[in-house]
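Input: a single structure, listed below in structure tokens.
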Amino acid sequence: MKIETDHAEILSGVRWGKTIGSPVSLFIENRDWKNWSEGMSPEAGAESSIAAVTRPRPGHADLAGSLKYGHHDVRNVLERSSARETAMRVALGAVARKFLAEFGIGIGSYVVQIGTRKAGIEGHRLRDSDLLGLFRKAEESPVRCPDAEDSKKMMRLIDRAVKEGDSLGGAFEVFVTGLPVGLGSHIQWDAKLDGRLAQALLSIQAIKGVEIGAGFGMAGKSGSELMDEIVYSSSRGFYRKTNNAGGIEGGMSNGMPVVLRAVMKPIPTLRKPLMSVDLETKKPFRAAYERSDVCAVPAAAVVAESMTALITANAFLEKFGGDSLDETMTNVRAYTASLKRF
């Protein structure tokens, strides 16, 4: 954050503030790129401009990527596997969120744990308005936790980790409100909405676990405690009073808020040296420290919002189609009206 102040520039697909049907492409300039124009040049003959990196860092993609692709310079792996690439995910996710907002669909996130400090928040127990309220509070917190007291304790843990040369992981929740019933599908494995969302969140660097709704807490409960009973009213149609399923049943949205929780491991780049082995000499060494954050959980939650938006927008358009916003809106209204007559 001290180096990059990201700004996205629209290159195509938009005229006078509206999309025109062609692909929307965005450009984000890396301010640090000028310092690496030779070291990362695509041209042959620039190899001597920078020393090869031969010391893989524990916890990173360095070693596995080098072995997989036959690289003897770890920089070929570490630059592409860097979480820096998520800047574009966030930019593209903003476009998807703008689209979904036209249909009353909201997406947000908040941090529920950093290190040993846990906030007593369970999103699957909350209503749409409560979730959106937590999101607004989280946006005011430096660690994106909606509870002010928990935020202070989380920040103290981060300050302590800085002094000790360590790093911290944690957990966050992402939610989607206003989704209609029926996004995703039960008929094939790769069309299931929960599977697609979980894969998208797990694709974010350092995310090691994803749960939906009551998630892993279901393991110790009985079915009678957890199944969300179905009720009906003439005004709302079919709905549920509880949301242990996290808004998804059988791979499809069920009309309740979609709530996901993800766990992020501590950042592996540490001021405390960890042991590794040099690729060339095969000798052990203590891993060198490179510029790194101490805790990236709040940032990862923002990336997760964008990934959730991209997956949701895709599923939404698969369901409703349309070559213009008006056409899609017409399709959504017709479908919503049909559900009330079901």
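The values are calculated or read from the model by the stated rules, or taken from the named source; none is laboratory data. These numbers come from a predicted model, not from an experiment. Cβ sites come from the backbone with ideal geometry, for glycine too, and all protein chains shown count toward neighbours.
Structural remarks
- Which numbered condition Phe27 misses (of (1) farther than 29 Å from Ala300 by Cβ; (2) free of Cβ contacts under 8 Å to residues at least 24 places away in the same chain): (1)
- Considering the conditions (1) of a type in the set (Phe, Trp, Tyr); (2) within 15 Å of Ser253 (Cβ to Cβ); (3) free of Cβ contacts under 8 Å to residues at least 60 places away in the same chain, Phe175 is excluded by exactly one of them, (3).
- Segments classed as strands (runs of 3 or more DSSP E), wholly inside the stretch 258-342, with at least 1 members that are touching a His at 6+ places or on another chain (Cβ under 6 Å): 258-264
- Selected residue (criterion: modelled with the highest pLDDT) from residues of the stretch 265-298 that are buried (at least 19 other Cβ atoms within 10 Å of the Cβ) and out of contact with any strand residue (DSSP E or B) (no Cβ under 9 Å at 6 or more places or on another chain): Leu279
- Test for Val24: is it within 21 Å of Thr86 (Cα to Cα), among the β-branched types (Val, Ile, Thr) and at pLDDT 90 or above: yes
- Residue list for the stretch 122-140, filter: in a loop (DSSP other than H, G, I, E, B) and either among the aromatic types (Phe, Trp, Tyr) or over 24 Å from Glu249 (Cβ atoms) (or both): Glu139, Glu140
- Residues satisfying the stated conditions in the stretch 79-89, i.e. touching a residue at least 24 places away in the same chain (Cβ under 8 Å) and surrounded by fewer than 19 Cβ atoms within 10 Å (Cβ to Cβ): Glu79, Ser81, Ser82, Ala83, Arg84, Ala87, Met88
- Residue in the stretch 304-327 that is under 30 Å from Arg160 (Cα atoms) and in the same structural domain as Ala191 (by TED's automatic domain parsing) present: yes
- Being within 28 Å of the chain's Cα centre (by Cα), surrounded by 22 or more Cβ atoms within 10 Å (Cβ to Cβ) and among the hydrophobic types (A, V, I, L, M, F, W, C) is a property that holds for Ala309.
- When Gly59 is tested against (1) modelled with pLDDT of 95 or more; (2) at positive phi, exactly one condition is not met: (1).
- Hey, Gly13 within 30 Å of Gly322 (Cβ to Cβ), surrounded by 12 or more Cβ atoms within 10 Å (Cβ to Cβ) and not acidic (Asp, Glu) or not: yes
- Within the stretch 141-246, helices (runs of 4 or more DSSP H) holding 2 or more residues that are closer than 30 Å to Arg333 by Cβ and either of a type outside the set (Phe, Trp, Tyr) or at pLDDT 95 or above (or both): 193-202
- Only listed residue being of a type outside the set (Val, Ile, Thr), touching a residue at least 12 places away in the same chain (Cβ under 8 Å), in contact with a helix residue (DSSP H, G or I) (Cβ under 8 Å, 6 or more places away or on another chain) and within 17 Å of Val258 (Cβ to Cβ), chosen from Leu132, Leu193, Leu168: Leu193
- Residues located in the stretch 22-38, provided they are assigned to a loop (DSSP other than H, G, I, E, B) and not small (Gly, Ala, Ser): Pro23, Val24, Glu29, Asn30, Glu38
- For the stretch 106-121, a residue qualifies if it is assigned to a strand (DSSP E or B) and over 16 Å from the mean Cα position of the chain (by Cα), and the qualifying residues are Ile114, Arg117, Lys118.
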